[in-house]
Amino acid sequence: MSDTKAVVFDLYGTLYDVHSVVQRCDASYPGRGMEISAMWRQKQLEYTWLRSLMGRYVSFEQATHDALVYVCNHLKLDLDKTTCSELCDAYLQLSPYPEVPEALQRLNSAGLPLAILSNGSVFSIDSVVKSSGLHEKFAHLLSVEAVGVFKPHPRVYALACQALGVLPHEILFVSSNAWDISGARHFGFQTCWVNRSDNTFDELGATPQAVIGGLDELPALINARGV
C-alpha cells in the first residue's frame, strides 16, 4: 500500500450504520424493528443489483422505497404513506459508527485526500454526511448517479479515479461489504475490508489486501504499510 495516494470509502454499512433505522422501525412496528431493518437492507441491495442487470436505473431513494414496500407486504404489515415517508427519511439521517469521526480526523491529519463512493444519490449522500457533521472531512462525495448504474459495476469505481486524478492502484478502497470489496479489487483498487461482525468473505474471485475490525484500526494500518 506504499503507493496509496487517496482513501475512498463506501458509505452504507461502512461509515454509517444502516441499522440505526431500527428504532424508527420499532416505533412504527413494535418489536419488529431489527427484522424489518435486516430484510429491508438485503432487499435494497438486491434491487440495486437487479436494476443494474436489467439496465433500468432508478435513484437509491426509489430502490429504498421499493424495498420497504416489499418488506411490509412480505411481513403483512400495513404501510401508509406517512409511515413509509418517515422510515425512508430515516435513511437520510443514519448514524456514523462510533469510531468513525476520530478515524477520519486522524486520516485528515495524515494528509491523504478522502472520498466517499456510494450507491446513494447526490442528495442522499449529502443528507447523510451533513446530518452527522462530517461533510468537511471529505474532498469528494461521489454518487453512482453520474453513470446510471450501481456498484459493483466497474463504471462506478472509475468515478473515483476521475475525481481524484489517480490510477486505480493508487486508491485504497474501504468497505464493509464483501461484494463491494470484490468489485473494487477486480477494478484494480487496493482494498481493505471492514469486518465488524466476523463475517465470511464472499467467493467472488478476489480477496482484500487487508482486513480490519473497525475504522479505528485504519490509520495505524496505513502508517504501518508506509502510505
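Since every read-out is calculated from the coordinates, none of them should be taken as a lab result. Remember, predicted model here, so these are calculated numbers, not experimental data. Cβ placement follows ideal geometry from the backbone for every residue including glycine, while neighbour counts extend to all protein chains displayed.
Here are a few things to note about the model shown:
- Qualifying aspartates and glutamates (Cα of each under 12 Å from Cα of residue 137; at least 8 residues distant if same chain): 102
- Using a Förster distance of 22 Å, the FRET efficiency for residue 211-residue 147 (Cβ separation, nearest 0.05): 0.20
- For the chain, the spherically averaged projection of the C-alpha convex hull amounts to 11.9 nm².
- Rounded to the nearest 10 degrees, the inclination of helix 33-54 to the longest alpha-carbon principal axis of the chain is 70 degrees.
- Long-range HN-HN contacts of residue 120 with modeled amide H, under 5 Å: 144
- Fully extending the segment from residue 54 to residue 19, taken as 0.36 nm per residue of separation minus the present Cα-Cα distance, adds 9.8 nm.
- Full-stretch length increase - residue 76, residue 3 - with 0.36 nm per residue and alpha-carbon distance subtracted: 21.1 nm
- Extending 7 Å from the Cα toward the beta-carbon at both residue 84 and residue 196 defines two label points whose distance is 2.9 nm.
- Between helix 100-109 and the chain: long-axis angle, C-alpha atoms, 0 to 90°, nearest 10: 30 degrees
- Computed from phi, the 3J(HN,Hα) profile of the stretch 196-204 under the Karplus parametrisation 6.51, -1.76, 1.60 (θ = phi - 60°) reads 6, 10, 6, 7, 9, 6, 5, 8, 10 Hz, with x in place of Gly and Pro.
- Qualifying aspartates and glutamates (Cα of each under 13 Å from Cα of residue 5; at least 8 residues distant if same chain): 170
- Taking 21 Å as the straight-line reach from the Cα of residue 43, the lysines in range (excluding those fewer than 8 positions away in the same chain) are 76, 81, 151.
- Vicinal HN-Hα couplings computed from phi for the stretch 132-139 (Karplus, 6.51 cos²θ - 1.76 cosθ + 1.60; Hz; Gly/Pro x): 9, x, 10, 4, 6, 6, 10, 7
- DSSP assigns beta bridges within the chain; of those with both partners inside it, close to 10 percent run antiparallel.
- Estimated 222 nm signal from helices in the chain, with DSSP H stretches of n ≥ 4 weighted -39500 (n - 2.57), rounded to 500: -13500 deg cm²/dmol
- Overall Cα dimensions of the stretch 18-90 - principal axes, largest extent first, Å: 37, 22, 21
- Net lengthening on full extension, residue 35/residue 162 (0.36 nm per residue, minus Cα-Cα): 41.8 nm
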